[in-house]
Amino acid sequence: MNVYETPARPARISSGKPAVLTCNPMIEQTANRMTVDAFLGWTEGREGRWELEDGQVLEKSPKRPAHGETMTQTCLALKNAIRRAGAPCHVAPDGAIVRIGPETAFEPDVLVYCGPRSPVEAVEIPGPSIVIEVLSQSTAERDHGVKRSGYFSLPSVMHYLILDPERRAVIHHRRAAAGEIATLELTEGPLRLDPPGLAFFVEELFAPK
């Protein structure tokens, strides 16, 4: 796996209580801690994309065009793979919250969960099987670090994909035997996520050249 440079730390923003920090790898501790339950209520009807890490509210950076295109292509590729496999799974784009712990909740760019479809009004998706983050300079350290460990702390998560639009590469972390996490980087060719038995080509995840 290639080594990514640590992104520069953006300036902290202030928006009153609770303390809101920009989404960056260096997270300051403040006196204003929040539980996931309180966070879900706080974000209801609020503009922007938000996450909670160790009780601290983080605002996610605006999406670049390449980021949004990759998310759109990925959702389409996964939906087609689910249809081909006949799997009882569903794709949730950004906006779905994954609870990692009592004071930590992430909002992946795309996720797949299996079983009954969540209610239309649901914000939190319990038990995701596949979680996906689209890499950007400002999120690289968290995507490779705290999010990797956080997602795999959930027994339901079998695969964590990090997509790099600039290199058109997929870093595939998967839960292997004995609880180990196996990692493979691909820039082309077939990719199989088993379970739940989804297969597609890496090229399908990115906008056409």
Filtering segment 63-104 for residues that are part of a helix (DSSP H, G or I), of a type in the set (Val, Ile, Thr) and either over 17 Å from the mean Cα position of the chain (by Cα) or surrounded by 15 or more Cβ atoms within 10 Å (Cβ to Cβ) (or both) leaves a count of 3
Quick check: is even one residue across segment 135-155 farther than 19 Å from residue 71 by Cα, without any contact (Cβ under 8 Å) to a residue 12 or more places away in the chain and not in a loop (DSSP other than H, G, I, E, B)? yes
Could we say that residue 57 is closer than 21 Å to residue 197 by Cβ and in a strand (DSSP E or B) here? no
Pull up segment 105-124, narrow it to residues that are buried (at least 21 other Cβ atoms within 10 Å of the Cβ) and within 23 Å of residue 192 (Cβ to Cβ), then point me to the one that is nearest to the chain's Cα centre (by Cα). 108
Members of segment 168-202 found to be farther than 22 Å from residue 143 by Cα and small (Gly, Ala, Ser), listed by number: 177, 178, 189, 197, 199
Got a number for residues in segment 168-200 being of a type in the set (A, V, I, L, M) and part of a loop (DSSP other than H, G, I, E, B)? 1
Got a number for residues in segment 163-202 being crowded, with 18+ Cβ neighbours inside 10 Å, within 22 Å of residue 86 (Cα to Cα) and in contact (Cβ under 8 Å) with a residue 60 or more places away in the chain? 4
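Each value in this text was obtained by applying a stated rule to the coordinates, not by laboratory testing. It should be emphasised that the depicted structure is a prediction, and the values quoted were computed from it without experimental measurement. When we count neighbours, we look across all protein chains shown, and the Cβ atoms used for this are built from the backbone with ideal geometry, even at glycine.
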